[in-house]
Amino acid sequence: MRLSDVLSLAFRTVRSNKLRTGLTVAIIAFGIMALVGISTAIEAMKQKFTESFASMGATGFTIHFQDYQFFGNNNQVTEEKKGEKKIKKSNIKKVITRDQAEMFKTGYHFPAKVSLSLRGGNNNIASLGDKKTNPTVQVMGGDEFYAELNGYNLDAGRSLNELDVESGRNVCLLGSDLVKKFFGGNPERAVERIVKINGIPYRIIGTMESKGASIGRSWDNIAITSYNNVRRFFASAATNQYNPEPSFNIQVKVSDVNQMDMAIGEAEGVFRPIRRISSTDASNFVIDKSDRFVEELLKNLGLITWCARIIGFITLTGAAVGLMNIMLVSVTERTKEIGVVKAIGGRKHSIRSQFLFESIIISLMGAVFGIVLGILVGNSFSLVLNTGFVFPWEWLIWGVVICSVVGLLAGLYPSFKAARLNPIQALRYE
């Protein structure tokens, strides 16, 4: 028999056993859907993390007093590492004070924008009239550049100015979540209104466009005021287990990515004397590039990716076993047919090829349905995160390759068993 005849016969056989084929295709499609769907969802998460944390772009860096770790132990490492200078105990965990931050901003003459900020906690309550939020509002104290350097765009009104910062008066910028709750999503109505945060009245000078959410947290459920105001009213909220005292963050953004290394070098040179660090001691502050946060989060997504792969491969292993059993049942049911083929001159190679083709065709049909379902399931998650459509080209190719291998392996034993049947015994089989 010619190869085209064998392939045509395999297609007809698959089409004639609709129930058996449908069940097997469904099992394989579920395994591929798990692989492609979870991988697509993870790609959407990566895209969201990149958008959320890289708002300063590749030209920004942050100075803070302690290293951040998003997962795991956040304790400061005090042991001396190879090739590094040892930090004196007196220099460990010294917070960045307002005077130090302002001295840096004044003394840093590199062509860049510098912003100072102080956290006011994440469990604040905002209220307007009889409307009140849950205790989940974030308060941030910044300066005139804070909103810009953190990726917030004005929707209405104006941003903070130097007078707002110096005086520490009760003015604020409102995030879009709070604007929706209090003003029905109309930013113009919010400007010059009075909103209370933890019972303290604030005049709204501007509203901000939506920035979205990531890792279960909305970046729009926020009120931004000056850091001097936060020091006055939210000093206790600015501390936590990682920040025992209120500590300022310093953000710097340069105009050209090629200037980053020079800007970081000069920043360290300016800040070390302010922190009173001798030339023989290591710095007791951390300088992080903006994309470091993204890299840290994406690295920790690797575990989730491997878990998804293990789940998918376990499902596909079960699908391969099921496909092989169905093919063995098919061999048993078609024993007499195989005997007839051999009696009229059919070769072992043709019979073996037919069963292998049937197995691979069923497996590839499962791949097609699984990839389509996986893309739909994964992108439904991207809709929740409000990211763009994700098309996992890599896993599309891997899905076809894996299913081809699954079909081949599942069909090997049944095909060889069918090819070895004795034609006389096969013809007498009932």
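Points worth noting:
- Hits in the range 116-140 - residues which are within 27 Å of the chain's Cα centre (by Cα) and of a type in the set (Gly, Ala, Ser): 117, 120, 121
- Residue list for the range 148-164, filter: touching a residue at least 40 places away in the same chain (Cβ under 8 Å) and over 32 Å from the mean Cα position of the chain (by Cα): 157, 158, 164
- Within the range 142-188, the set of residues being among the small types (Gly, Ala, Ser), surrounded by fewer than 19 Cβ atoms within 10 Å (Cβ to Cβ) and closer than 11 Å to residue 228 by Cα comprises 167, 168.
- Residue pairs whose Cβ atoms lie under 6 Å apart, sitting 6 or more positions apart in sequence or on different chains, and linking a residue in the range 279-293 that is among the charged types (D, E, K, R) to a partner that is at pLDDT 85 or above, are 288/62; 289/61.
- Pairing each residue of the range 6-33 that is charged (D, E, K, R) with any residue that is buried (at least 16 other Cβ atoms within 10 Å of the Cβ), provided the two are 6+ apart or on different chains, yields C-beta distances under 7 Å for 20/326.
- Qualifying residue in the range 165-181 (condition: farther than 17 Å from residue 120 by Cα, over 31 Å from the mean Cα position of the chain (by Cα) and not charged (D, E, K, R)): yes
- Check on residue 294, at pLDDT 70 or above and in a helix (DSSP H, G or I): no
- Lone unmet requirement of (1) under 16 Å from residue 231 (Cα atoms); (2) in contact with a strand residue (DSSP E or B) (Cβ under 8 Å, 6 or more places away or on another chain); (3) not assigned by TED's automatic domain parsing to the domain that holds residue 284; (4) not aromatic (Phe, Trp, Tyr) for residue 102: (3)
The values are calculated or read from the model by the stated rules, or taken from the named source; none is laboratory data. From a predicted model like this one, the values you see are computed outputs, not experimental measurements. Cβ atoms come from the backbone with ideal geometry, glycine included; neighbour counts cover every protein chain shown.
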